[in-house]
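The structure appears below as structure tokens.
The values are calculated or read from the model by the stated rules, or taken from the named source; none is laboratory data. Everything numeric here is computed off the predicted structure, so don't read it as measured data. So basically every Cβ, Gly included, is an ideal-geometry build from the backbone, and we count neighbours across all protein chains shown. Just so you know, the surface numbers come from the protein's heavy atoms only, side chains and all, with ligands and any DNA or RNA stripped out. Shrake-Rupley method; radii C 1.70, N 1.55, O 1.52, S 1.80 Å.
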There are 2 protein chains.
Amino acid sequence: MGTAGANLGAVRSHNAALVLGLLRDAGAEGISRLELAERTGLTPQAVSKITARLREEGYAAEAGRRASTGGKPRTVLRLVPEAGHAVGVHLDRDELRVVLVDLDGAVVAQRRAELDLGARAEAVLGVVAEAVEELVGEALGLGDEGLAGAGTLLGVGVALPGPLDHSRGVLHRVTGFPEWDGFPLRDALGERLGVPVVVDKDTNAAALGLSVGGEAGSRSFAYLHLGTGLGAGLVIGGRVHRGARTGAGEFGHQVIQLDGPLCECGNRGCVEALCLAAVGRGEPGEAARVLGVGAANLVALLDIDVVLLGGRTVAGEPGVFVRGVEDVLDARARRAGARGEPVPVRSSTRGERLVAEGAAQLLLAPVFGRGDA
Amino acid sequence: MGTAGANLGAVRSHNAALVLGLLRDAGAEGISRLELAERTGLTPQAVSKITARLREEGYAAEAGRRASTGGKPRTVLRLVPEAGHAVGVHLDRDELRVVLVDLDGAVVAQRRAELDLGARAEAVLGVVAEAVEELVGEALGLGDEGLAGAGTLLGVGVALPGPLDHSRGVLHRVTGFPEWDGFPLRDALGERLGVPVVVDKDTNAAALGLSVGGEAGSRSFAYLHLGTGLGAGLVIGGRVHRGARTGAGEFGHQVIQLDGPLCECGNRGCVEALCLAAVGRGEPGEAARVLGVGAANLVALLDIDVVLLGGRTVAGEPGVFVRGVEDVLDARARRAGARGEPVPVRSSTRGERLVAEGAAQLLLAPVFGRGDA
DNA sequence: GCACTTTGGCAACAGCGTTGCGAAAGTAGG
DNA sequence: CCTACTTTCGCAACGCTGTTGCCAAAGTGC
């Protein structure tokens, strides 16, 4: 909350979001009122009131009972996934992916199309808007008012490469496409569609998607994406860390070789340049080692729990990259005399829809109490 | 708050802490009820109630009036600094510093002594406990119950070098002094003194001290300390970032030269090794450049506002280091096509008491709503 | 001196989670 | 099948929060 005062309305929505989040995490199995009370620290009676409200509003429902432990059996509650939906858009250099997900994050409908991100901004905007409207129309139906008529639609999340201003929804630039410099994507698309729009970097969306899916299994992790470039999404304490100017996660141009080879960004010895050069030479092991050095720096600096790897290059040989990065992390941890578990490294098992699904989570996260992360 | 439910008690203490924080930030100038209302988003009437409680408890007081703007002039409120005190202890390899500060963070009394951190843990503990008791006794007076009798004393914060577990208050190791491995400093000292004790790394304490003093002028900054070693304290969004295992801030052993010279930690190409080697060769400019590369990595990764430099080596030639780091940051920002202000670099103007004062803030921060940061 | 503006407290209020108690819905034993 | 017991969960009363409506206090400006 930062410097904001808390009033009773804030308490209500905070607790409601907390309960909704626990309901989601419980999945199909459901969760009882008493478990909710234990997890939140609230009294059972308060949980009953909160869940009663949620049931009235259609967000929660009863779903059977547990076995009795000698008395009245616990009633199990679950999230009603159809109570809310969000659209996730992944804009890549040559491809457009749109997904419609429900409150559970499950993909209800999707669409893929070729795209030329180098075309005029207005034209691209039109293609995106059309795709979104068609997808939502087919899956949920539209009222006379267009998307705003689809009652359960919370909004549209858009993820794309390149630096941008998340809080204002303005693109800084999209590498190689000067057309987009300074384009106010959020407001332009929001006006066109008539629903809330949120914009974020693709790596942040991916990290958010992983944090929700439970795949990360951690509240603090780094997602490193190695594809045509190298970027990172940081999740710290369950929230995507974007930094003061929402530009955090510039991992590719971390310098790890003083006065090393020139990178196209103008610096020398960037991880990205070294890593991609090794890949180009057909030495994935060396690429993994370089990536590992960067990852180890990050782990030491922020003390995170898990490192997740993803992207096309990693997907080609996941084992090599996971092992390579792991080796560097383990060696450094041992030298530092670390106690406890080593920091695990995994490759993301989610497919090519990860970024689009994460983009949709940009709108679902606030519902479940993850602030604006 | 994380996953904790909010009840009315939580709301009260949250809002009270918020108001106290604003009162502190206003300093001697004070702040009016209406300004407090604007800053917190609460209604003026709520602020009146909250400040009435704080005045009853002795934490706040009226302090004159502002000039009228056409009506009843605003009453100015201020913090009552004497309402609370905290002790800050800085344990260094050869020195012990103890300060007693009031709610404003102003040093009320202090003490300095030689210390051999290599001595037996129990012996060191005794020296520390005695120094704290004497200092507090002289300044505040002790009851029959020792420190616990000094009514306004919130507790003792201890800062020292080396990795440790902040949440449990256990030292991992103190470089060069195996005696301390695994020593439960917080509980041992807490039992001895009979008041709450909090333990943290010296760099974290320094960063906390800077964030409170307003010197940082930012809610997200990095404090880089270059002395006998090189370490960092990170403040993100107004809170000290400690990470999952409270080991964050390992800046000195960030690798910035792949397969570079061997560092005493066993890695190759650490910033610390490169930086200190340059200092040893009498090339502070090169040391600053190396430090700048590490700082630029950190700034890009986390997107922080300000970089603050400190420590004996920096204090020797502050201009050289500030300029050297600044040059690297500026050059990289320009290449990245950054817009807006460049990230400023400053050297800390606080003296040798910075760490001890920051250690005291470990206990004051919760009073002003900074969670446990 | 009068009209006006602004501040800030008093009292009534709505809404939050909490507490006390009882109904509902099971199990275990005769 | 009935009784005794345990556990779950909702209703009603409660205490406390910040909010709202109203009015007194304390200035300025004509």
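Some observations on this one:
- Computed with a 1.4 Å probe over protein heavy atoms only, the accessible surface of the protein assembly as shown comes to 41 Å² per residue.
- Taking every alpha-carbon pair under 8 Å whose residues sit at least 6 apart, segment B:167-214 reaches a relative contact order of 28 percent.
- Environment charge of B:Glu56, counting only residues whose C-beta is closer than 13 Å and scoring Lys/Arg +1, Asp/Glu -1: +1
- Cβ crowding within 10 Å averaged over residues, with A:311-324, A:18-31, A:209-222, A:153-166 ranked highest first: A:153-166, A:209-222, A:18-31, A:311-324
- In plain terms, the chain from A:Ala148 to A:Asp259 could stretch by 34.6 nm, reckoned as 0.36 nm per residue minus the Cα-Cα distance.
- Partner shielding of A:302-309 amounts to 4, given as the average count of beta-carbon atoms from other chains within 10 Å of each residue beta-carbon.
- Inter-part distance where segment A:1-42 and segment A:216-266 are each reduced to a Cα centre, Å: 31 Å
- Residue separation of B:Arg12 and B:Glu352 scaled by 0.36 nm, minus their Cα-Cα distance, works out to 118.7 nm of gained length.
- Total accessible surface hidden between A and B, rounded to 100 Å², 1.4 Å probe: 4700 Å²
- Between B:Arg111 and B:Glu179, the FRET efficiency estimated from the beta carbon spacing at R0 = 22 angstrom works out to 0.40.
- Cα pair distances of segment B:299-373 binned at 5 Å [whole percent]: 3, 13, 19, 15, 17, 14, 12, 6, 1
- Partners for A:Lys72 among lysines (Cα-Cα distance below 26 Å; same-chain residues under 8 apart left out): A:Lys49
- If you take all other residues with their beta carbon under 11 Å from the beta carbon of B:Lys72, and give Lys and Arg +1 and Asp and Glu -1, the sum is +3.
- Anchor A:Lys201: aspartates and glutamates whose Cα lies under 17 Å away (excluding residues fewer than 8 positions away in-chain): A:Asp92, A:Asp94, A:Glu95, A:Asp165, A:Asp181, A:Asp187, A:Glu250, A:Glu352, A:Glu357, A:Asp372, B:Asp303
- Averaged over B:234-245, number of beta-carbon atoms from partner chains that fall within 10 Å: 5
- Simple spin-label estimate for B:Glu82 and B:Glu191 gives 3.7 nm between the two label positions (7 Å along the Cα-to-Cβ direction from each Cα).
- FRET efficiency, A:Glu29 to A:Arg312 (Cβ-Cβ, R0 45 Å, nearest 0.05): 0.85
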